[in-house]
Number of protein chains: 2
Amino acid sequence: MNDLFLRACRNEPTERRPVWLMRQAGRYLPEYRAVREKVDFLTLCRTPELAAEVTLQPVRRLGVDAAIIFADILLPLDAMGAGLHFAAGDGPTFDRPVRTAADVAALADPDVERELGYVFAAIGEAQRGLAALPAERSVPLIGFGGTPWTLAAYLVEGGASKHFGHLLSWSFEDPRGLAQLLRRLAEVSARYLTAQVDAGAQAIQLFDTWGGLLDAKRFRELALPALRIVVEALRDRPEWVPLIYYLNNGAHLLPELRDLPVEVLSVDWRLPLDEVRTIVGPGKVLQGNLDPTALLASPQRIEEATAELLRRGGGGGHVVNLGHGILPQTPPEHAQAFVSAVQRHALAPVG
Amino acid sequence: MNDLFLRACRNEPTERRPVWLMRQAGRYLPEYRAVREKVDFLTLCRTPELAAEVTLQPVRRLGVDAAIIFADILLPLDAMGAGLHFAAGDGPTFDRPVRTAADVAALADPDVERELGYVFAAIGEAQRGLAALPAERSVPLIGFGGTPWTLAAYLVEGGASKHFGHLLSWSFEDPRGLAQLLRRLAEVSARYLTAQVDAGAQAIQLFDTWGGLLDAKRFRELALPALRIVVEALRDRPEWVPLIYYLNNGAHLLPELRDLPVEVLSVDWRLPLDEVRTIVGPGKVLQGNLDPTALLASPQRIEEATAELLRRGGGGGHVVNLGHGILPQTPPEHAQAFVSAVQRHALAPVG
């Protein structure tokens, strides 16, 4: 197996840097759109054979160094009774947004194994698919979930939002009440993610898409304690899996992350990786951070931007990725240009 | 006249800190909505008597220490021939987005005095209204515009956008071509804003809503040179007016702003003002930066958050404001609680 990704996550020396793309199983791929013509998004998530199939698509086409299970961070919230829908072309919506202590109390405490079993089945199915590939094409499988804060962001607003007024005003009005919700989300997430590991996930990425909305004080008081519950539950297991924490739009919060016990810190494109490293210290492997809009430019520009990224990231452990999910309008051959540029790169080994 | 705001912008000692609110003339006020029931948004912008009327509404109701002329940053783009519309409930759209060198060449070079004369007429009208108020209620009038980068963001996308794919991929593909557009926007903005000063604006705020999308390298190479053209044109005038540069979501760009020749730097809520001051140095007056969602919480929480804001901002010149525009769902009495909390505040004078 190509275990470059796992070795890089452990900050071991590697012959070259591994590369994968956030949202690599997604709408930019015609073979993904072909599957989606037959089933809607939630049905795809809930059908293990199909979820495993789209998980493998970018491995086959692009030769990335890791697969990530196809799922959605909001699935556990549906299992908690919030009533999740995806309308065509729109973002997610919840039938029952959570905005009061009574709403928090009314959330179900799901039997994760039973209610989210389709995710674990998809992980098993994807692992069988990966094992069937030629050895050099077979790669590790990443599981994932949203952080409690980011899950709360969607659950409190009832979907995506521009200003997150319900969520953020709650953080001012009743931080203890909101912390209660975050704790509930952390407990369910901890069970959900450890079950992903049991099912075969070899690394876990925690997506904090909305952590950057907070100033450091509220991040420390609200988001971080709940995140730590999840991280510690995963640390507490006999199986050791690398943990990746992805923080979007959080350059101002990097000093808070130095002591978070995760191997890999994944960041957006706003700060170059050498500056991120200066702030968080040499102990963390960094993941990222090409601006995904760079993949809309020509392959020549993509190669130039990738060379710059490799240069800025070369001072320590580095898993190459985008700074945010790949955009649906990206031509697949541009994604290939990025992956190939990284894999051809002949810089000295890092780590 | 209450000239607290102008003295604070000049970093002179003041008896207390001035306060105003971004978007203070807006939908959260019932008297504004009453005007908007009669005319649409663009008609309101283009009718000097009405624009002046809504400009004065928050001065009358809240007793803020500055007025800001009612207008929209996108008006000069309409004068350049891009075809601006506001559909009810939606954001702005342009009939002719600008995405190529040919599109840039096709932009009109407007006679600003003639085509945007309604803005200057509104400034004159608002100044007459302010002069008619009791002396202690009469306050300075701020003019404003978008920065070239932020204007380009809307013009290239053809309106608001989630990922700004056209704009940002252009920044990778052909930075010189995009710089050409930014220069055109800077030249028109310079004429438009100096004409606002001629018409009676006593300070100018430059809104960089989307500057924070950029990493420091592209900010330095693209956004900053165009911004400097505007700033220098305003600096080059016999009348001295304070310049305020507002940067949204740009904590990672603050080191780039130390040498920008503006009196006031206005920032969002992500970094506390004492940390901003450490980065940009003591020479800049800071404006901001309460999270606007704090005004959705109860008056008691608003007072607590305001006390914390005044504490963090107290180490130098400080114009109190929000970190972003006031939200439409804000109860007007909550805006009042914020303004009153600042104005009652008995901390030692600053500056």
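So, A:Asp268, is that one crowded, with 20+ Cβ neighbours inside 10 Å, acidic (Asp, Glu), within 26 Å of A:Gly165 (Cα to Cα) and touching a residue at least 60 places away in the same chain (Cβ under 8 Å) or not? Answer is no for this residue. Number of residues in segment B:295-316 that are within 14 Å of chain A (Cβ to nearest Cβ) and either hydrophobic (A, V, I, L, M, F, W, C) or part of a strand (DSSP E or B) (or both) equals 7.
So that you can scan it fast, the table gives a plain yes or no per residue for (1) in contact (Cβ under 8 Å) with a residue 60 or more places away in the chain; (2) surrounded by fewer than 19 Cβ atoms within 10 Å (Cβ to Cβ); (3) over 30 Å from A:Gly63 (Cα atoms); (4) not hydroxyl-bearing (Ser, Thr, Tyr):
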| site | (1), (2), (3), (4) |
| --- | --- |
| A:Ala101 | yes, yes, yes, yes |
| A:Asp109 | yes, yes, yes, yes |
| A:Glu113 | yes, yes, yes, yes |
| A:Gly124 | yes, yes, no, yes |
| A:Gln127 | yes, no, no, yes |
| A:Leu130 | yes, no, no, yes |
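Taken as a whole, segment A:317-339 holds no residue that is aromatic (Phe, Trp, Tyr), modelled with pLDDT of 95 or more, buried (at least 17 other Cβ atoms within 10 Å of the Cβ) and not in a helix (DSSP H, G or I).
Filter segment B:295-304 down to residues that are in contact with a helix residue (DSSP H, G or I) (Cβ under 7 Å, 6 or more places away or on another chain) and surrounded by fewer than 19 Cβ atoms within 10 Å (Cβ to Cβ), then give me how many there are. First the steps, then the outcome.
If we filter segment B:295-304 for residues that are in contact with a helix residue (DSSP H, G or I) (Cβ under 7 Å, 6 or more places away or on another chain), which is where we start, we get B:295-299, B:301-303.
Among the residues that remain, those that are also surrounded by fewer than 19 Cβ atoms within 10 Å (Cβ to Cβ) are: B:298-299, B:303.
Residues meeting the conditions: 3.
Of everything in segment B:132-167 that's among the hydroxyl-bearing types (Ser, Thr, Tyr) and surrounded by fewer than 24 Cβ atoms within 10 Å (Cβ to Cβ), which residue is nearest to B:Ile68 (Cα to Cα)? Result: B:Ser138. Among the residues of segment A:191-219, those that are away from chain B (no Cβ under 14 Å), surrounded by fewer than 22 Cβ atoms within 10 Å (Cβ to Cβ) and within 30 Å of A:Asp90 (Cβ to Cβ) comprise A:Arg191, A:Ala195, A:Phe207.
Within segment B:220-234, the set of residues being within 14 Å of chain A (Cβ to nearest Cβ) and closer than 12 Å to B:Thr147 by Cα comprises B:Leu222, B:Ala223. For segment B:153-183, the set of residues classified as touching a Pro at 6+ places or on another chain (Cβ under 9 Å), under 19 Å from B:Asp95 (Cβ atoms) and more than 11 Å from chain A (Cβ to nearest Cβ) consists of B:Tyr154, B:Leu155, B:Val156, B:Glu157, B:Gly158, B:Gly159, B:Leu181, listed by residue number.
Checked against (1) surrounded by fewer than 22 Cβ atoms within 10 Å (Cβ to Cβ); (2) among the aromatic types (Phe, Trp, Tyr); (3) more than 18 Å from the chain's Cα centre (by Cα), B:Trp170 passes all but condition (1).
Number of residues in segment B:317-339 that are more than 14 Å from chain A (Cβ to nearest Cβ) and without any contact (Cβ under 8 Å) to a residue 40 or more places away in the chain: the value is 1. Every test in (1) surrounded by 23 or more Cβ atoms within 10 Å (Cβ to Cβ); (2) within 14 Å of chain B (Cβ to nearest Cβ); (3) more than 20 Å from A:Ile73 (Cβ to Cβ) is passed by A:Ile279 save one, and that test is (1).
Of the candidates A:Leu290, A:Leu309, A:Leu253, the single residue that is more than 28 Å from A:Pro332 (Cβ to Cβ) and at pLDDT 95 or above is A:Leu253.
Quick grid of which residues meet (1) crowded, with 22+ Cβ neighbours inside 10 Å; (2) within 14 Å of chain B (Cβ to nearest Cβ):
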site: A:Leu247; (1), (2): yes, yes
site: A:Asp259; (1), (2): no, no
site: A:Leu286; (1), (2): yes, no
site: A:Thr293; (1), (2): yes, yes
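Give just the number: which of (1) touching a residue at least 24 places away in the same chain (Cβ under 8 Å); (2) out of contact with any strand residue (DSSP E or B) (no Cβ under 8 Å at 6 or more places or on another chain); (3) not small (Gly, Ala, Ser) does A:Glu304 not satisfy? Every condition holds for A:Glu304 apart from (1). Listed by position, the helices (runs of 4 or more DSSP H) inside segment B:66-119 whose residues that are closer than 14 Å to B:Leu182 by Cα number at least 2 are B:75-79, B:101-106.
Return a yes/no flag: does segment A:135-147 have any residue that is assigned to a helix (DSSP H, G or I) and touching a Phe, Trp or Tyr at 6+ places or on another chain (Cβ under 8 Å). No, segment A:135-147 contains no residue that is assigned to a helix (DSSP H, G or I) and touching a Phe, Trp or Tyr at 6+ places or on another chain (Cβ under 8 Å).
The values are calculated or read from the model by the stated rules, or taken from the named source; none is laboratory data. All of these numbers come straight from a predicted model, not from anything done at the bench. Neighbour counts run over all protein chains shown; Cβ positions are idealised from the backbone, glycine included.
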